[in-house]
Amino acid sequence: PDAPAAEGTSAATSPAASTATSDAITAPEPPGEPDVRAEPGDLEVTFAVRVPRTSTGLDYLVERRTGSDWQSVRPRFSLPTRVGGEPQCATVRLVAANSAGRTPGPGRELCKRSRPQVLDLVPVDAACVYDDRSCTFFQLVLEGFAAEDSVPVECSVDDPEAKYRTAQRTAFTNADGKAAIETYSIDGEHWPGAFQVDDANARFYCRAGGKVWPFDLVALRASVGR
């Protein structure tokens, strides 16, 4: 009678030990390389990381490399550029986390340029007379230049015989790197534009920030029916 009792005791304790072992929580497996996209913006680049679906007790975090360290960031974040068209890079990784610990995955670097600088001439639909000749007023619009800065702009026509072949203006950018000159004044008299250009001229060139923008004046005038 004693032998069967001993066997029964052994059989009763074995399943409990097996259950305790199977319920132990271990650190998660490392996630794979992150799926990340980069989108250009005004004086910034936005990075978006796709986060895998989580399960009970398991979360995925996003980290960005900053020097030799990793910093926790949101799945969507933006990094600034000084001027439009400059590149910005980010190295990101996913981190799997549960109550037993954190396991990082491999990092991935992605680079993108912010939206390029823009200098544009906008024709003004207003009457314009220049030394008894017809002319057109043009406003000046800038985007993607350094924020809260003064930007010298020098423009010239393609006619070396023009009375005023070269004209200069200074645009003052806002915090978003944009600026517009909609009026200007000479000797206290205000004009509805940044430039007053003889309609005999077909080409116009503006220089700002080390770049030159060419303009087809004929097409610009036609856009406002002139």
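The values are calculated or read from the model by the stated rules, or taken from the named source; none is laboratory data. As the structure is a computational prediction, the values presented were derived from the model and not from experiment. Cβ atoms come from the backbone with ideal geometry, glycine included; neighbour counts cover every protein chain shown.
Here are the numbers:
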| item | result |
| --- | --- |
| Some residue of segment 84-93 being part of a strand (DSSP E or B), within 30 Å of ASP149 (Cα to Cα) and hydrophobic (A, V, I, L, M, F, W, C) | yes |
| Neighbours by Cβ (under 9 Å, 6+ apart or cross-chain): first from segment 132-152, on the phi > 0 side of the Ramachandran plot; second surrounded by fewer than 20 Cβ atoms within 10 Å (Cβ to Cβ) and hydrophobic (A, V, I, L, M, F, W, C) | GLY144/VAL83; GLY144/VAL118; GLU148/PHE172; GLU148/ALA175 |
| Scope segment 141-161; condition in contact with a Lys or Arg (Cβ under 7 Å, 6 or more places away or on another chain), farther than 21 Å from ALA200 by Cβ and aliphatic (A, V, I, L, M); matching residues | LEU142, ALA146, VAL153 |
| Restricting segment 67-97 to residues that are touching a residue at least 40 places away in the same chain (Cβ under 8 Å) and over 21 Å from ASP35 (Cα atoms), the residue that is surrounded by the most Cβ atoms within 10 Å (Cβ to Cβ) | GLY84 |
| Top-ranked residue of segment 98-123 - restricted to ones that are among the hydrophobic types (A, V, I, L, M, F, W, C) and surrounded by fewer than 18 Cβ atoms within 10 Å (Cβ to Cβ), ranked as nearest to PRO31 (Cα to Cα) | ALA100 |
| Some residue of segment 119-139 being of a type outside the set (D, E, K, R), under 16 Å from VAL212 (Cβ atoms) and assigned to a loop (DSSP other than H, G, I, E, B) | no |
| Flag if LEU43 is in contact (Cβ under 8 Å) with a residue 60 or more places away in the chain and on the phi > 0 side of the Ramachandran plot | yes |
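So that you can scan it fast, the table gives a plain yes or no per residue for (1) under 19 Å from ARG82 (Cα atoms); (2) without any contact (Cβ under 8 Å) to a residue 60 or more places away in the chain; (3) of a type in the set (Phe, Trp, Tyr):
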| residue | (1), (2), (3) |
| --- | --- |
| PRO106 | no, no, no |
| SER114 | yes, no, no |
| GLN117 | yes, no, no |
| ARG165 | no, yes, no |
| ARG169 | no, yes, no |
| GLY177 | yes, no, no |
| THR183 | no, yes, no |
| PRO192 | no, no, no |
| ALA202 | no, yes, no |
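Residue by residue, here is whether (1) of a type outside the set (A, V, I, L, M); (2) modelled with pLDDT of 50 or more; (3) closer than 23 Å to ASP59 by Cα; (4) not in a strand (DSSP E or B) holds:
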{"residue": "PRO4", "(1), (2), (3), (4)": "yes, yes, no, yes"}
{"residue": "GLU7", "(1), (2), (3), (4)": "yes, no, no, yes"}
{"residue": "SER10", "(1), (2), (3), (4)": "yes, no, no, yes"}
{"residue": "SER14", "(1), (2), (3), (4)": "yes, yes, no, yes"}
{"residue": "ALA24", "(1), (2), (3), (4)": "no, yes, yes, yes"}
{"residue": "PRO28", "(1), (2), (3), (4)": "yes, yes, yes, yes"}
{"residue": "GLU33", "(1), (2), (3), (4)": "yes, yes, yes, yes"}
{"residue": "PRO40", "(1), (2), (3), (4)": "yes, yes, no, no"}
{"residue": "VAL45", "(1), (2), (3), (4)": "no, yes, no, no"}
